[in-house]
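The values are calculated or read from the model by the stated rules, or taken from the named source; none is laboratory data. For clarity, every value in this text was computed on a predicted model and none was experimentally measured. Positions of Cβ are generated from backbone atoms using ideal geometry, with glycine treated the same way; all protein chains shown enter the neighbour counts. Quick note on the areas: whole protein, heavy atoms, side chains included, nothing else; ligands and nucleic acids left out. Shrake-Rupley method; radii C 1.70, N 1.55, O 1.52, S 1.80 Å.
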There are 2 protein chains.
Amino acid sequence: MTETPAPFTADDHAARMRRAESAAAAAGLDGVLVAPGPDLVWLTGYRPVETERLTMLVLRPGEDPVLVVPALEAPDAARAAPALALRDWTDGQDPYAAAVSLLGPAGGGTGRYAVSDNTWAMHLLGLQQRLPDTGYVSLTESLPMLRAVKDAAELDRLAAAGAAADATFEEIRKVPFAGRRETDVAADLAELLRRFGHSQVDFTIVASGPNGANPHHEPGARTIERGDMVVLDFGGLKDGYGSDTSRTVHVGEPDAEERRVHDIVRAAQEEGCRAVRPGAACQDVDRAARAVIDEAGYGAYFVHRTGHGIGVTTHEPPYMVEGEERPLVPGMCFSVEPGIYLPGRFGVRIEDIVTVTEDGGRRLNTTSRELVIVD
Amino acid sequence: MTETPAPFTADDHAARMRRAESAAAAAGLDGVLVAPGPDLVWLTGYRPVETERLTMLVLRPGEDPVLVVPALEAPDAARAAPALALRDWTDGQDPYAAAVSLLGPAGGGTGRYAVSDNTWAMHLLGLQQRLPDTGYVSLTESLPMLRAVKDAAELDRLAAAGAAADATFEEIRKVPFAGRRETDVAADLAELLRRFGHSQVDFTIVASGPNGANPHHEPGARTIERGDMVVLDFGGLKDGYGSDTSRTVHVGEPDAEERRVHDIVRAAQEEGCRAVRPGAACQDVDRAARAVIDEAGYGAYFVHRTGHGIGVTTHEPPYMVEGEERPLVPGMCFSVEPGIYLPGRFGVRIEDIVTVTEDGGRRLNTTSRELVIVD
């Protein structure tokens, strides 16, 4: 078992908040508004439960960060982020008054702010109603790469999460598949992820036979049979950072077409990973993987983008998708996960997390990408 | 153990969608937009994972409901809500185009829509950018009582969830407290809630000694000592409906002031429950409980509203708070949970879920509200 890494410090969080403020200023924004969720955890270390009560970090270039917080939760916020100035509000007060007083040049309310993606619409509407001349744009749209480049401590965590997911795969390939339900194998996956150090399991896709043709299949009561292809796609958070890997296994010996489709996906995944290098566009990774599948005649059956970033969440920028022209930068981490989905028959997906290095890419998942035969 | 209730049917969901459409029309709205979360579950039975990919139910009076859904997730949506028309979009396409085409009179984009509270800001901004002349208001603000009045099948589920929480309390009062950490007792609570049928545990507050003075204390490493007051506040979802109850226990014999403060909170909770009857205003429940605490001289230490609604979430309208003048209606369910919090010393909170009947209120939690002595 790996040891628990040292937690991020108040200095780490202060540096991240300054980075966000600088990025906002460079983008012509007056600040960044952050509700509970992954951005708030990354910026401050504070992880409150999301509720209807307004909690919002207000970052403005040249000003000290302020956390608007329900009075009820102020003690927890102060403990989690002792260096942060708090502005609390009490049940029955207007929660937006506290936030509004901080916005705009001198609180004038004509500024333009980035808002964390998962901020509740009710809170954004609360601000918009009180400050109709203030503009808002989603954080991902305005500063998409804010969290995209990981530092060494973050890469260590992502690598450890990847290693834990790999250890999970090495165990799951030994369990019986035939005669058990998808939900049984999914429960095994969750148990293994936790055993190998995950604090949170986000998904445990077990998509057998025809269910494999649905990329986001929810494991169900279907009993896995000998002769099934089974897509396994699982991940979660370990020490605050994400894992996400997919392997497709076969129960007993595959037939020639199953082998062929798996080989195509494996080659596509290989080409996608090979396209990873500093300066390449995100869409180049998608194109490289997709070209292999297109050329093999299965292009119509690869129905999703090739990958997504990963960090304190398991889905974040950068996205490896046609139209995403931003360049890869060393330290970025994302999935490369092409697939082929044959409706009514079976699916294949192979997925590794890859990080951009100085001269290429490095996989954080290293289990075999051959077609593994299970019982 | 109670048996699992029959799931809600497509007809139940259709009736709820019609209710929402009628309420929207009555409020002068052109429709209701619902993202993944409790409102979508309640309206359709569909419970997708929240992601950056747009999923949105569009309800318009006089039109059939349409669910905008990522193509990836369309099979799961079709299985969960077979009667619902789907409009899917594929990675790389503009997800908002699909939604925008449905909005406004004849898609003209000048309408006014309610948006579910927890819709991601990025999605609301996506709609606002494409249809700047369309107006939005939060669902809770515009139709606060849409889910507030529960029908008989919902009341049965809430009562069963309450009974499971009560069974949890009857067991937790027997476990050792002194010498164990708050987190140990919290783990016991979670285990018991699951044992008594909860599928999801939302909170297990164990706030001992001075930690009890923080109403939303997160259980921590503090070792519980003889002589501590301990606030227990726990709940989650059973068969899709919420539980939430608080009791304050004492490790060994309490002193006179501890007894006195507990007696005051108990009397306040009793008065709050007595104020529950059809036609009374929500704020009357808050006032009734608060008056007892004010008169006893502890008014400054009751720092939160008296209660919140409960249903498919554990926090929803109606809120029992000063300024909420809407009337209570039979079938509403909410918490009555006054407390006194003495900084640096201890806290007391007593909480039951109460439902409004034809002539008063009925508690769904019935464990003793006396000060229970634990070991």
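Computed quantities for the displayed model
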item	result
Pair list, Cβ < 6 Å and 6+ apart or interchain, from segment B:1-25 residues that are without any contact (Cβ under 8 Å) to a residue 40 or more places away in the chain to residues that are of a type outside the set (D, E, K, R)	B:Arg16/B:Leu43; B:Ala25/B:Pro61
Given (1) at negative phi; (2) in contact with a helix residue (DSSP H, G or I) (Cβ under 7 Å, 6 or more places away or on another chain), index of the condition B:Pro70 fails	(2)
Qualifying residue in segment A:59-70 (condition: within 14 Å of chain B (Cβ to nearest Cβ) and in contact with a Leu (Cβ under 9 Å, 6 or more places away or on another chain))	yes
Residue in segment A:85-102 that is under 28 Å from A:Val201 (Cβ atoms) and either modelled with pLDDT of 95 or more or among the charged types (D, E, K, R) (or both) present	no
One residue from B:Ala165, B:Ala178 being small (Gly, Ala, Ser) and open to solvent by less than 30 Å² (accessible area, probe 1.4 Å)	B:Ala165
Enumeration of residues in segment B:62-98 that are assigned to a loop (DSSP other than H, G, I, E, B), in contact (Cβ under 8 Å) with a residue 40 or more places away in the chain and open to solvent by less than 50 Å² (accessible area, probe 1.4 Å)	B:Pro65, B:Ala81, B:Leu84
Residue check, A:Ala35 surrounded by 18 or more Cβ atoms within 10 Å (Cβ to Cβ), within 11 Å of chain B (Cβ to nearest Cβ) and either of a type outside the set (S, T, N, Q) or without any contact (Cβ under 8 Å) to a residue 40 or more places away in the chain (or both)	yes
Test: residue in segment B:117-137 that is in the same structural domain as B:Arg19 (by TED's automatic domain parsing), of a type in the set (Gly, Ala, Ser), open to solvent by less than 10 Å² (accessible area, probe 1.4 Å) and in a strand (DSSP E or B)	no
Matching option when the condition is out of contact with any helix residue (DSSP H, G or I) (no Cβ under 7 Å at 6 or more places or on another chain), touching a residue at least 24 places away in the same chain (Cβ under 8 Å), under 21 Å from A:Gly242 (Cβ atoms) and not acidic (Asp, Glu), among A:Gly162, A:Gly197, A:Gly179	A:Gly162
Breaking point among (1) farther than 26 Å from A:Arg112 by Cβ; (2) open to solvent by 20 Å² or more (accessible area, probe 1.4 Å); (3) out of contact with any helix residue (DSSP H, G or I) (no Cβ under 7 Å at 6 or more places or on another chain), for B:Thr110	(1)
Hey, B:Asp228 charged (D, E, K, R), assigned by TED's automatic domain parsing to the domain that holds B:Val261, touching a helix residue (DSSP H, G or I) at 6+ places or on another chain (Cβ under 8 Å) and touching a residue at least 60 places away in the same chain (Cβ under 8 Å) or not	yes
Flag if A:Arg266 is part of a helix (DSSP H, G or I), of a type in the set (D, E, K, R) and within 23 Å of A:Gly209 (Cα to Cα)	yes
Options B:Thr366, B:Thr314; residue that is outside any helix (DSSP H, G or I), among the hydroxyl-bearing types (Ser, Thr, Tyr) and under 28 Å from A:Glu50 (Cα atoms)	B:Thr314
